[in-house]
Structure formats: structure tokens, C-alpha cells
Amino acid sequence: MLFTDINYFFFLIACALAYACLPQKFRGWLLLAASYVFYAAFDWRFTFLLLAQTLICFFCAKYRKTALAVTLSLLELAVFKYFNFFNDSFRQLFESLRLPYLIPHLDILLPVGISFFTFQSLGYVIDVSRGKIQQENNLPRFALFTAFFPQIAAGPIGRADELLPQFKESKLPSVQQISDGIQLVIWGLFQKMVVADRLASYINRAYASPKTATGGTLLVASIFFSIQIYADFSGYSDIARGSAKFFGIDLRNNFNFPYFATSIPDFWKRWHISLTSWFRDYLYIPLGGNRVSKPKWIRNQLVVFLLSGLWHGANWTFIFWGAIHGVFNLMHVLLFGKKNESKSRIVNLLRCIVTFAIVNTAWIFFRAPTFKRAIQIITRIVTHPGRPTFGVAQVTFALNVIAILVLFGVDFAAYNSFTKERCPDAVRITGYALIACLIALLAVSSRSFIYLQF
Amino acid sequence: MSSTPKTSLIKKCLAGLLVFAIVNILCLKLFNHGLKQYYCLWPADILVIGHSMSEMAIDRDLLEELSGHSVAKYCMNGTSIPDRLVMIRHYIESTGHKPKAILYDIGPRSFSGGLAVNSHALFYPFINESPTVAKYVRDSASFKEYWLKNLIPLSRYDDSRIGAVIRGYRHDWKNRSVKQLNIELFKRQLAKGSFWKVQLNPGTQAVFEETLEFLEKEDIRLFLVHLPNVDLLNNAEPEKSAAALNYIKDAISRHPNVTFIDANSAFESRYELFIDPLHLNPKGQLEVTKYLGGKIILPQQP
């Protein structure tokens, strides 16, 4: 059951109404049952994995077996997500050395959201071991924390100190939360169904056969992918946050106008914030953070970025993507220190363009199925500069451009503090109604979210 | 929740729904007007019915000039023979007028599958305008889809239809394609067997015969036009193609109101007129329309 499926909205409304009608002590049970039903809708077999992860983290935190929880959680990830990657890489290595290799490739299904719920529950165990939070003694409540349906498939990765008290309270949503929830869901659907999914066909065609595409087409496809992945993931996060608000739950914001970033470090403060902060708190700081010698600090930075790449997928392209970000992040800090924004708007605009160019190039490795294909695309962009094609139809291309302009127009207005306080109700209501009209007119049916595969 | 903010939220939601409904209704009116212009849903002597082949092969303005009769061109990408019967009935219901003649493209592949499987979606914009279309959509679409299209008018449009609306307002029926047939690529596709195959589907044949009977009963003259395909495609399955053409000729022999026009033989080897093995480019459109203009002769009104 995807967020863009109309059945999801029937499910959400039914759950929200039942939640509002039930006495407080049963609300958590309702959300827990709904979350397992939601997760089982992807594949019921994975609910056992979810349950296992829940029990591992709950009891390991209770008995302070942090190392065991980390080992078992990472083992779970290693088996389901990374086994074939390492297995195939070793096979290639052995074959290149003309040595026998006997472990076959296994067809392992990747459970939806495994990286998200594993990290979220692991964060809880580490927080308990550090004494940052009290252990949760209520198993159903902890199970809800791990499985809460708006965030289970693709985050945002929540923190126990933020979420567990909210689940304990199980309060009804405020009027403001309902209002914000509706707005977030509408905006999320626009980002996903009107921007991300419309761009997909142009991108898929160009990336599938770069040899037949001009450099211009590939460049446009790469820029479209930068926009697609943002709209896809930010759209998902907004629908997740909006859905949670109908149950009085506030999830953390995952994006803060990432393409308005003026440097790579700035980009990482704005992109997938819940994951970045997870790596900072549970990996970078324990490694010593920046309070170590320069060589160790460089090592810490690179480790975080490489693992961040690997977290996204079991492929060398993701690791290289992480490495590009790691290197440019280091270069920026070494050359310019922590200084980010300039007082000059033109300088900031130029920085913004340069940052986008780096991020865009890195996304080519992220999107391409193989390292070779990514290099082929970049080479063609540079060596075969030709006019971009419009794809299937000129009108589709034009509508895609309009959708992108609406996305960044709204983002730009919000970025420049055209916030609720300054936006009259009439304008906001009309704006959201018009966005809903654009969804009705321009939405294309989608089958997945990019980040569900992670 | 105190009652005041709750009431305020309900009012805001209702206001949003009202704006949404008003914009939907206004846009539907605006879009449907443009779409009717593009599909020429107005009274005309000659009605051109077909899919993308007719859309790209027949120049409405030129045909009007050459034939001396008003021409309406109602062609949609991916419409099969059952869709076209719906289109004819929709045209008559929508305009309240029976054309004197219908130009209908036909060929060996007209009875095959391979066109859009969900072609009922092409009729969504007219869901409330014609009983025939309403029934067709209700029978073909899923329950969820049908009600969604009914409740949210803007969801009835897709990119192709939005493009048609724009062209309708611009009165632009010309073939604007800039592509050119890549014959070497097509030869490779033929060698791999990757081309649209000839099949005689009994269900489609039955609807074709129903169409012939309907037009005879309504006293509408029918010009069945075999539009050009590239000869390599025509010769890919010679026996099946001959069988399909024989079936067509046999079926129409029972109907005195039908004339068969072979526009294929004269152009099938002129690759410079095609964008792909099935569709003509603007130059091809011009030549084929000129050819048809000389063949379509209607009896003069007394």
C-alpha cells in the first residue's frame, strides 16, 4: 500500500477516525495493529523480521546488551541487503585471480524500509546505553515506535526521545496539526505524483540507452533526476509527516530546501536530515568527530560519507556517490572553513549553482545501474553536446517544466519566509486547492518511491 | 479541541473544496471546448474516423478544399475498431447531426490487438456528454476509476488530451512531426520479429460488421481507406495480410454504401514520406490527402 494509492487514504482516514473515537489507552494498540497491517500489505513475511528487530532492540536495551543489538541489527542488514553485493564482489575478485569461488548468488528479497526501522530501533538502544533516555518498559509502545506506519517504509528516521513520549501520551490531534497534516499531504502528493513521477519516463529512457541520446538530453535527464529524487523523497517525507499529524504525532522534518544550499556541507544540513543527524550522533561523534587530529578527522568524515553511500544501496555506484560528497565536503571545510553564506546575493547564487552542479554529477552515479554506465553518461554529456530532445511529446516536456517551476516557486517563497504568518488564509486555501487541481490534472500513476528500496 | 478553531478548520476545508470544485468545473468547460475543436465535434459533411494513422495521414483543411465539403476529423491515438464505433455514435449524439460520409482507415492490422488496452481512457473527457460514451466507460473502467473520473473532472485529462486542447484552440490539425523513418533500424526490428503482427480477432470483426450495418441503416456513405504502411511491413506476413484484406473486401461486398480506397499501393515504397513504418510525415500527409481528395466524391444535393 503506497502513499499515492487511493486505498492508503481510505486506510488513513479510517485509522484517524477510529483513533479519535477510541479511549486513550486503546489508541496505541490501534496504531500498532494498523502499522503491522500496513507493513504486511507490502509482504506479510517481512512482519516477522520487523517483530524480530523490535524484540532484539527492546530486550537488548533492557539488559544493556548494546553490542549484541548492534551486531544482530547489522547482521540482519548484511544478510538481507548486502549479502549479494559482497558475495558478488568477492566472486569477481576470485575470478579475476583465477581462484575457485563456491558461494552462489542468492535471490534474497529486500524487505521494505529495513534500513529505516533498523537504524531507528538501533538509535534507541544506543540512547538507552548512553543514559540519554530511560528504557521503555512497555513492549507494545516500543513496537509501535519501530513500526509506526507513516514512517516505517522510508522514514524520516525518528528518535526515541521525541517519539516515545508522544506515543505514551496518545493525545488527539490539535486543529493546527490536522490543518498542517492536510497541507503536508497535498504538497507531498504534488511533489511525488506531479513532479517526480512525471519526470521518471524521460530519465528512465535516457539512462537506459545513453549511447543513442545526445549530451544535451543526458544533461537534462541528469538534472531531472536531481529534481525527481528530491521531489520523490521529500514528497514521501511530507506525506509521512502529514499522516502522522492526524494522530497527534510530530515527526522530524527531513528536508530544508537542499538545492538552495551554498556548499556541500550546507547541502548535508538540508538533505535527508534524519539520516545525516543519525550518522552524526551515532557514528561521527563516537569516532571522535572533529575533536581529533586532522588525519583522524578526515578519516571520520570519509567513513561517514562512504557508509552513508553504502546505506543507500548495495552497489559500488552508491559508495562512489558517498565518496564524491565526502571529498567535496572535506575540500570545502579545508579551503573555506565553516563559513557558508556570503553577504552578496550574487556570490551566494554562484555558490548555489556550483553546489548543485557537484550534487547533480554525484547523482549520476547514484542513478546509473553501473559505474561504467555513469562514466559513459558523463563522457557523452561532455563530448557529444547536442540539443536535448523533448522525449515522448513536446506538451509533456512543457508540462514537466511547469511542474518543476511550481515546485521551486513554492520552495523559493517558503525559503524567503513567506510563511503562514505572512500568508493570508484566503491565499493559502486557494493555493492548496489549486495544487490539488494540478494533482488531479497532471498526476501520473506511480508504482513505487525511490527510497523504498533502501 | 475547542469549538472555535474546529469550526474555523471545517470552514477552511469547505472553502478549499469549493475552490477545488469551481476550478474543476471551469477548467472542464474550457478544456472540453478546446478538445471539441480539435476533434471537430461539429456538423460536417465528411467525418474522418480513425487512430494515429489517420490523424497523421489526413490534412483536414486540404481535404475540405479538395472535396468541396465540410470535414470533421475525429481521430485519437490508439483507438481500435470498437472505439471507433463509439466515436461515430458519440459524434452523432454530440452534434445532433449525421454526416453524409465517413472516411475510416482500415488495413490488415485493424483486427489485431496491440493498440491501447485501456483505450476507454481516451473518452474520459466526454464521460458526461454522450450516453454511448458514458456506457462504454462504465463498462470498461474499474469501479474506482469510473467514480474518480466522475467526481474529479480534471482527472479525465492526460497529456495527449491537454495537447489536443491547445491545438484545438489554435485550430491546428496539421501533422507537425519532424521525425524520419529509420529504415535500417526497422529492418533490424523486422529481422528480430519485433513488429505489429496481423491477427484476425473474431470480437473485433463482429464490431466491424456491426459498424457496417449501423452506417448502412443510418444511410451514411462509408469510404474505407487502406492508408499506407511501409512495404517492408506489408510484406512481412504476406499470407496473413492477404487473408485480412480478403475478409475486409468480403465484408464490404454486402454493403452497397461502402467504397474501398487503396491508398497503400501508391505510397508504400516511398520511405521519405514516413516517420515510422505506420505513420506519415507532413509531406506524406499532403500527398495522401491530395490522393484521397480525388477519390472522395459525394452525390450533389438536389
Qualifying positions in the stretch B:32-65 - in contact with a Pro (Cβ under 7 Å, 6 or more places away or on another chain) and either within 13 Å of chain A (Cβ to nearest Cβ) or part of a helix (DSSP H, G or I) (or both): B:ASN32, B:LEU35
Evaluation of A:THR317 against (1) surrounded by fewer than 20 Cβ atoms within 10 Å (Cβ to Cβ); (2) in a helix (DSSP H, G or I) (one fails), failing number: (1)
Residues located in the stretch B:188-225, provided they are assigned to a loop (DSSP other than H, G, I, E, B), under 27 Å from B:ALA236 (Cβ atoms) and among the aliphatic types (A, V, I, L, M): B:VAL198, B:LEU200
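Conditions (1) modelled with pLDDT of 90 or more; (2) surrounded by 13 or more Cβ atoms within 10 Å (Cβ to Cβ); (3) out of contact with any helix residue (DSSP H, G or I) (no Cβ under 8 Å at 6 or more places or on another chain), marked per residue:
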{"site": "A:PHE366", "(1), (2), (3)": "yes, yes, no"}
{"site": "A:ILE377", "(1), (2), (3)": "yes, yes, no"}
{"site": "A:ARG380", "(1), (2), (3)": "yes, yes, no"}
{"site": "A:THR383", "(1), (2), (3)": "no, no, no"}
{"site": "A:ALA398", "(1), (2), (3)": "yes, yes, yes"}
{"site": "A:LEU405", "(1), (2), (3)": "yes, no, yes"}
{"site": "A:ALA414", "(1), (2), (3)": "no, yes, yes"}
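Could you check how many residues of the stretch A:153-183 are in contact with a Ser or Thr (Cβ under 8 Å, 6 or more places away or on another chain) and more than 13 Å from chain B (Cβ to nearest Cβ)?
The qualifying residues number 5.
Checking the conditions here, which among A:VAL333, A:VAL327, A:VAL304 is outside the structural domain of A:PHE90 (by TED's automatic domain parsing), surrounded by fewer than 18 Cβ atoms within 10 Å (Cβ to Cβ) and not hydroxyl-bearing (Ser, Thr, Tyr)?
A:VAL327
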Leading residue by the ranking (nearest to the other protein chains (Cβ to nearest Cβ)) among those in the stretch A:372-407 that are hydroxyl-bearing (Ser, Thr, Tyr) and part of a helix (DSSP H, G or I): A:THR396
Where a residue in the stretch B:124-141 is farther than 17 Å from B:ASN32 by Cβ and part of a helix (DSSP H, G or I) and its partner, wherever it lies, is modelled with pLDDT of 90 or more and of a type in the set (A, V, I, L, M, F, W, C), with Cβ under 7 Å and at least six apart: B:TYR136/B:VAL86; B:TYR136/B:PHE123
Enumeration of residues in the stretch A:94-109 that are assigned to a helix (DSSP H, G or I) and not small (Gly, Ala, Ser): A:PHE94, A:GLU95
Members of the stretch A:201-215 that are surrounded by fewer than 18 Cβ atoms within 10 Å (Cβ to Cβ) and within 19 Å of A:ILE229 (Cβ to Cβ): A:SER201, A:ASN204, A:ARG205, A:ALA208
Boolean, B:GLY16 is closer than 30 Å to A:PHE247 by Cα and either at the interface with chain A (Cβ under 10 Å from one of its Cβ atoms) or surrounded by fewer than 16 Cβ atoms within 10 Å (Cβ to Cβ) (or both): yes
Long-range neighbours under 6 Å by Cβ, at least six apart or interchain, first residue of a type in the set (Val, Ile, Thr) within the stretch A:167-191, second not in a helix (DSSP H, G or I): A:VAL175/B:MET1
Residue satisfying condition, being within 21 Å of A:ALA314 (Cα to Cα), over 21 Å from the mean Cα position of the chain (by Cα) and surrounded by 14 or more Cβ atoms within 10 Å (Cβ to Cβ), within set A:VAL125, A:VAL112, A:VAL70, A:VAL37: A:VAL70
Answer residue from the stretch A:408-418, given it is of a type outside the set (A, V, I, L, M, F, W, C) and in contact (Cβ under 8 Å) with a residue 60 or more places away in the chain and is farthest from the other protein chains (Cβ to nearest Cβ) among those: A:TYR415
Residue among A:ASN360, A:ASN329 that is in a helix (DSSP H, G or I), at pLDDT 95 or above and under 21 Å from the mean Cα position of the chain (by Cα): A:ASN360
In the stretch B:123-180, residue nearest to A:LEU442 (Cα to Cα) [restricted to those that are polar (S, T, N, Q) and within 13 Å of chain A (Cβ to nearest Cβ)]: B:SER155
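The values are calculated or read from the model by the stated rules, or taken from the named source; none is laboratory data. Since we're looking at a predicted model, the values are computed, not measured. Backbone-built Cβ (ideal geometry, glycine too); neighbour counts: all protein chains shown.
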